[in-house]
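Report on the following structure.
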Amino acid sequence: MGSGSNRRALKDGNFITLEGGEGSGKTTQTQLLHDSLISAGIETIITREPGGTPQSEEIRSLLVSGESKRWEPLTESLLHFASRNEHLVKVILPTLQAGKWVICDRFFDSTMAYQGYAMNVDRQKIGALAKMTMGKFAPDLTLILDIPESKGLVREEGLSSEDRYNKMGASFHKKVRMAFREIASQEPERCKIIDASKGIQEVHNSIWLQVKAKFNL
């Protein structure tokens, strides 16, 4: 289903995604950005991937818990796109078309980084799945929170039972970090790298500067 193929003609809101490795602070920064946009008078919702609808949250529970080798990498990719299709059709696209902004904690770039680069799933297959489910839809702005993988994993240690990806080891997470940096280099207009090793407020200030510049706020 090409759920996003005609979205540009209908869109009124803006779609911002926050990406990055484990422990990069995406959830905290998503909330702070939401609060800043609301303060600026912009109707905004927060959502996340995998997840965002009851159905997608059920798929999330399959992906973020259990043993690290629970799934074949291609199977895992398919689960992410199944979750994403539900999320797009039922939450993201209707919200944007209603003129509201959407901030999403992870989106397609995470699938490409984690499954495509770090798990070695054929990136052309991931691209084909993206075309099938998303059409030409893409975020208006993607903020990549960049932090050394060792520091991020220490931040995450013991904080959540959703620790399946944390179990995949430092070398895996180094590949993820390098993947996000490569994605940013390929799409510099959409993707902006944020130094996430700094303090929470300093990171938020950097994000807010990028958002204000992008959308002329």
Highest to lowest packing among 13-23, 180-190, 115-125, scored as the average C-beta count within 10 Å: 13-23, 115-125, 180-190
Net charge near LEU143 (other residues with Cβ under 12 Å of its Cβ; Lys, Arg +1; Asp, Glu -1) is -1
Mean ellipticity per residue at 222 nm, deg cm²/dmol - from DSSP H runs of n ≥ 4 across the chain, formula -39500 (n - 2.57): -14500 deg cm²/dmol
Over the chain, what is the percentage of antiparallel beta bridges among all DSSP beta bridges, to the nearest 5? 0 percent
How do SER39, SER68, SER171, SER77 stack up against each other in accessible area, from largest to smallest, with a 1.4 angstrom probe? SER39, SER171, SER68, SER77
Kindly point out which whole DSSP H helices in the chain project their C-alpha atoms 20 angstrom or further along the helix axis while averaging a Kyte-Doolittle hydropathy of -1.0 or above. 73-87, 170-186, 200-215
How large is the dipole of the chain about the Cα centre if only Lys and Arg carry +1 and Asp and Glu carry -1, each at its Cβ, rounded to the nearest 20 debye? 480 debye
Fluctuation leader among ILE200, ILE92, ILE144 - the chain, Gaussian network, Cα springs under 10 angstrom: ILE200
Net +/- balance of residues flanking SER171 in space, Cβ distance below 12 Å, scoring K and R +1, D and E -1: +2
Tell me the accessible surface of MET178 in square angstrom (1.4 angstrom probe, heavy atoms of protein chains only), to the nearest ten. 90 Å²
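The values are calculated or read from the model by the stated rules, or taken from the named source; none is laboratory data. No experiment lies behind these values; they were computed from the predicted model shown. Note: ideal-geometry Cβ built from the backbone for every residue, glycine included; neighbour counts use all protein chains shown. When the accessible area is computed, the model is the full protein with side chains, heavy atoms only, and any ligands, DNA or RNA have been set aside. Shrake-Rupley method; radii C 1.70, N 1.55, O 1.52, S 1.80 Å.
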